[in-house]
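The values are calculated or read from the model by the stated rules, or taken from the named source; none is laboratory data. Treat the numbers as computed from the prediction; the structure is a model and nothing was measured. No Cβ is skipped: glycine too gets one built from the backbone with ideal geometry, and neighbour counts run over all protein chains shown.
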Amino acid sequence: MTHITITQIMFCVLSLIAITSAALLIFSKSPIHSVLYLIVTFFAIAGHYILLNAQFLAVVHVIVYAGAIMVLFLFVIMMLNLNKETETHKPMWIQLMAVLAGGAMLVTLVGVLKGAEQMNLKQANDVNIGLVNNLGLVLFNDFLVPFELSSILFLAAMVGSVMLGKKTIS
Amino acid sequence: MSTYILYKLILVIAVFVISLVIAMYSTYGERKIAAFLQDRLGPNRAGPFGLLQPLADGVKMFMKEEIIPNVSNKFLFILGPGLAMLTSLCTSAVIPWGPDLTINGVKYPLQVADINIGVLYLFGVVSIGVYGIMIGGWASNNKYSLLGALRASSQMISYEIAMGVSVITLIMITGTLSTSEIAAQQHGFYNEHSHWFSWNFFKNPLTFLIFFICALAETNRAPFDLPECETELVGGYHTEYSSMKLGFYLFAEYVNMFISSAVMSLFFFGGYNFPGMDSIANPNTVAIIGTIVMFTKTIFFIFLFMWIRWTIPRFRYDQLMNLGWKILIPLSIVNMIATGILLLATGRV
């Protein structure tokens, strides 16, 4: 029996919460419950980020996903008043296709990760690695072009959704 | 180590109790201010000047019959007010209430958790604060509650953006995300080196204005209290609630008000700093006066919240959305860009 650190215990607890709530998210019948379980999953994943010394990422994850995107999800589901009685029945072949696509994705992921070499996690032990300072330096020095490109992608998506939301285009 | 934990425990309990007591007496203050503004007397029967009124209200809340609607989702119905209370109390953890106390050469900071991303933590907790209202409103299974919950969520999402941008402007000026450092930077009142006031309000008043309006909207206070607009929605999201669960919702609003007042005095009005704090030699005296100053500023902002509530009529819903999206967001973005240009031009970055 090797020495178990508090980090390992926390990792196990967080993983258990994440996996359980993710499973409940899929299996629960009511869409509102699904969204609430998804929020719990996000919090567990934010805990994982903190364990990896990525404090900034953890808080931003909570602000963006749990605080903004899931509120919008909940908003839409409440407004459309979706529940199990009014849920549209999906045909069998669509369900089958979804299972096949998901399975193919899983196989791909497992294949990729199996072949990948063991990553060197030495850097992750540095407590300051996830601070805003370091993140900003890395983003604006090493990854400036991908960073700016992804922001343009967001802008395009925003313009597109405004266009779709407009009733008449004059 | 054990003294450290003991000290933090005492601090947490103290902050918790102070938040609740201030929230409790805010209800009394609100009635007295409303009465003053409407030329009435207000509560004056329970105890001297009616000072025991909040206790009587609390006892009433606890003793009332508790009704849970049959058709509602019981677990979520109970979770809603609990979540509202939890998130409103969570935010007090990162606020520095005063300068460090020094006892026997050991420094005791008057802040529960000095984390390096304090501003983001505040923002994160505020952004999940809407779930209490949304879940409670939905679980009630009442159309008025649902409408109130929908209004609350759309209003909070809309005003969070302008608030976020104004916080970014503040971070650009201060250059830090740590709340204790923001407080320390606003030392004293007038900075001799830069020949300007050290409080952030004097560096960028527009940011404060945007932040203040958004704080009013985020705490669902008048003139932004559409989620519980009684002329249209009976009681809004808490129509179906009774007893202490209703009390939790009302209380959470007052705690939110207290915390956002504390945040405003911390971000823009120097927190615990006061003019002439350098002329006092004893650091413990500075700490005690600083804490009193911090609470005085906070209580002034609570008063401002109440003053506005009893002066300005409620917005119409489309006016609320127009103000948020068409005025505050562009204004805050222009403010951010102008601040950035100014900081670059003066060589501050």
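Summary of computed values
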| quantity | calculated |
| --- | --- |
| Pairs where the first residue, in the range B:327-349, is within 12 Å of B:Ile168 (Cα to Cα) and without any contact (Cβ under 8 Å) to a residue 40 or more places away in the chain and the second is among the aliphatic types (A, V, I, L, M) and crowded, with 16+ Cβ neighbours inside 10 Å, C-beta under 8 Å, 6+ apart | none |
| Unmet requirement for B:Met163, which otherwise passes all of (1) surrounded by 17 or more Cβ atoms within 10 Å (Cβ to Cβ); (2) more than 13 Å from chain A (Cβ to nearest Cβ) | (2) |
| Test: residue in the range B:3-11 that is under 24 Å from B:Phe269 (Cβ atoms), surrounded by fewer than 15 Cβ atoms within 10 Å (Cβ to Cβ) and not charged (D, E, K, R) | no |
| Restricting the range B:240-298 to residues that are closer than 30 Å to B:Lys143 by Cα and over 22 Å from the mean Cα position of the chain (by Cα), the residue that is surrounded by the most Cβ atoms within 10 Å (Cβ to Cβ) | B:Tyr241 |
| Yes/no for A:Val40 being under 20 Å from B:Gly129 (Cβ atoms), facing another protein chain (nearest Cβ under 10 Å) and either hydrophobic (A, V, I, L, M, F, W, C) or part of a helix (DSSP H, G or I) (or both) | no |
| Number of the exception - B:Phe301 against (1) within 19 Å of the chain's Cα centre (by Cα); (2) not in a helix (DSSP H, G or I) | (2) |
| The range A:1-25, subset part of a helix (DSSP H, G or I) and at pLDDT below 85, residue nearest to the other protein chains (Cβ to nearest Cβ) | A:Ile6 |
| Yes/no for A:Leu24 being in the same structural domain as A:Met78 (by TED's automatic domain parsing) and surrounded by fewer than 19 Cβ atoms within 10 Å (Cβ to Cβ) | yes |
| Residues that are outside any loop (DSSP other than H, G, I, E, B) and touching a Gly at 6+ places or on another chain (Cβ under 8 Å), drawn from the range B:246-277 | B:Gly247, B:Phe248, B:Tyr249, B:Ala252, B:Asn256, B:Ser265, B:Met277 |
| All positions within the range B:52-106 that are farther than 30 Å from B:Val119 by Cβ and among the small types (Gly, Ala, Ser) | B:Ala56, B:Gly58, B:Ser72, B:Gly105 |
| Every residue from the range B:126-154 that is within 11 Å of another protein chain (Cβ to nearest Cβ), under 18 Å from the mean Cα position of the chain (by Cα) and part of a helix (DSSP H, G or I) | B:Val126, B:Ser127, B:Ile128, B:Val130, B:Tyr131, B:Ile133, B:Ala152, B:Ser153 |
